[in-house]
Each structure stands twice: as C-alpha cells, then as structure tokens.
Amino acid sequence: MSASKRADLIGRARGLAREIAKFGAVGGLGVLVNLGVFNLLRHTTDLQVVRTSVIATVVAIAFNYVGFRYFTYRDRDKSGRTREMTLFLLFSAVGLVIENGLLYAATYGLGWDSPLQSNIFKFLGIAVATAFRFWSYRTWVFRAIPVPQPATAPAPDAGSPAAGTPGPAARTSARSGHRPKVRAGR
C-alpha cells in the first residue's frame, strides 16, 4: 500500500472515529433523556409500560435531531431540510418500533414487568435501535457533502489515439463505415 493511500485510510478512520464519538455523545444524552422521561412517566402516571416508552422515545428523538443536526452532522449537506426531516422521522420511527418492540415482547410475551426488568429491556431496545439509527442517519439522512476531486488526465493506454494506434471508437467506426469525428487541435 502506498504512503498516500495509507494516509488517506488513516484520515478516513480518524474521521469515522470522530463521527462515532459525536454520535455517541448526542446518543448518550438522548438515552438519559429517554430513560429519564420513561421512568418519570412510569412512576407518576398510570400509563402502560410500552406507552410510556413510546412517549419517552419520541421526546428523545426530538432531542437527538437537534443534537445530530447542530453538533454531530453540522458539516453535512443542509440543502434539503424537508427531505432530511422526512427521512429522519422515517428511520426514527423504525428505530422506535425496534426499541419498543423488544420491550413489548419482554413485557407482554414474557411477563417481565418489574421496573428493573422494564429498564433492562428498554435499554437493550435502545442499544439495538441505536445501531440501526447510526447506519441509517449517516447513510441516508445526514449525507456528506461530496469532496471535489482534482481533475487529472488519464495516462494514454495502448489503444488510444495519443499512443499512436486507433482506439476502440475508431475501430468500431471503421467497421461500421462511419468516420470518427476529429476535433481541431488534436
């Protein structure tokens, strides 16, 4: 591997590590918001466990959007806010189903409904949904702005006019009876 490719690979790895750290910081605060609202509602209202979890997840989603847009992905493309918001809400809804589906299965499928059990399965659901959200947000929602590549002229290959032999286009034109177009100055 050449030194420039190695340096590029190291730079990309560092960029990904920074992105994961920022995503983790916002996500960690989002987990605290999610679990805090969940436990507050669970202990102060008569709502069912999964309903309180859904409400807490929605509050955390709103919190996370602000953190992701203005901290984690602040350098990403901002031109299509409607598209961004729509995709964020779509992928967040899928994450909500993943997160609360696990809690639902534990609560109603297995009968594990104590506060400790609910918090454990709420946290496990958050963890699984977070992996999905990281992939979907960075891939579809907060897209990277393409970095312009410097224009470099490709080296002439053996079949190019610059190398002195006719290229594939000229050979095809000769077979079909058409003359290739020649630009002035070439």
Apart from one, (1) of a type in the set (Gly, Ala, Ser); (2) touching a residue at least 60 places away in the same chain (Cβ under 8 Å); (3) not in a helix (DSSP H, G or I) all hold for residue 118; the odd one out is (3)
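Condition check ((1) small (Gly, Ala, Ser); (2) open to solvent by less than 30 Å² (accessible area, probe 1.4 Å); (3) out of contact with any Ser or Thr (no Cβ under 8 Å at 6 or more places or on another chain)) across all residues:
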position	(1), (2), (3)
46	no, no, yes
57	no, yes, yes
74	no, no, yes
98	no, no, yes
109	yes, no, yes
129	yes, yes, yes
132	no, no, yes
Test: residue 138 is basic (Lys, Arg) and open to solvent by less than 40 Å² (accessible area, probe 1.4 Å) | no
Leading residue by the ranking (surrounded by the fewest Cβ atoms within 10 Å (Cβ to Cβ)) among those in the stretch 113-127 that are hydrophobic (A, V, I, L, M, F, W, C) and closer than 14 Å to residue 42 by Cβ = 116
Could you please let me know if residue 81 is at pLDDT below 90, over 16 Å from residue 115 (Cα atoms), among the charged types (D, E, K, R) and touching a Lys or Arg at 6+ places or on another chain (Cβ under 7 Å)?
-> no
Scanning for something among the polar types (S, T, N, Q) and either in contact with a Pro (Cβ under 9 Å, 6 or more places away or on another chain) or open to solvent by 50 Å² or more (accessible area, probe 1.4 Å) (or both), does the stretch 23-42 turn up at least one residue?
-> yes
Only one of these conditions is not met by residue 16: (1) surrounded by 11 or more Cβ atoms within 10 Å (Cβ to Cβ); (2) closer than 24 Å to residue 110 by Cα. Which number is it?
-> (2)
Candidates 42, 18, filtered to the one that is on the phi < 0 side of the Ramachandran plot and modelled with pLDDT of 90 or more = 42
Flagged pairs (Cβ under 8 angstrom, 6 or more apart or on separate chains; first in the stretch 39-67, closer than 15 Å to residue 107 by Cβ and among the hydroxyl-bearing types (Ser, Thr, Tyr); second open to solvent by less than 20 Å² (accessible area, probe 1.4 Å) and in a loop (DSSP other than H, G, I, E, B)) are none
Look through the stretch 79-96, keep the residues that are crowded, with 18+ Cβ neighbours inside 10 Å and not aliphatic (A, V, I, L, M), and return whichever of them is farthest from residue 124 (Cα to Cα).
-> 84
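The values are calculated or read from the model by the stated rules, or taken from the named source; none is laboratory data. These numbers come from a predicted model, not from an experiment. With ideal geometry, Cβ positions are generated from the backbone for all residues, glycine too; neighbour counts draw on all protein chains shown. Accessible surface is based on the protein model in full, side chains and every heavy atom, while ligands, DNA and RNA are left aside. Shrake-Rupley method; radii C 1.70, N 1.55, O 1.52, S 1.80 Å.
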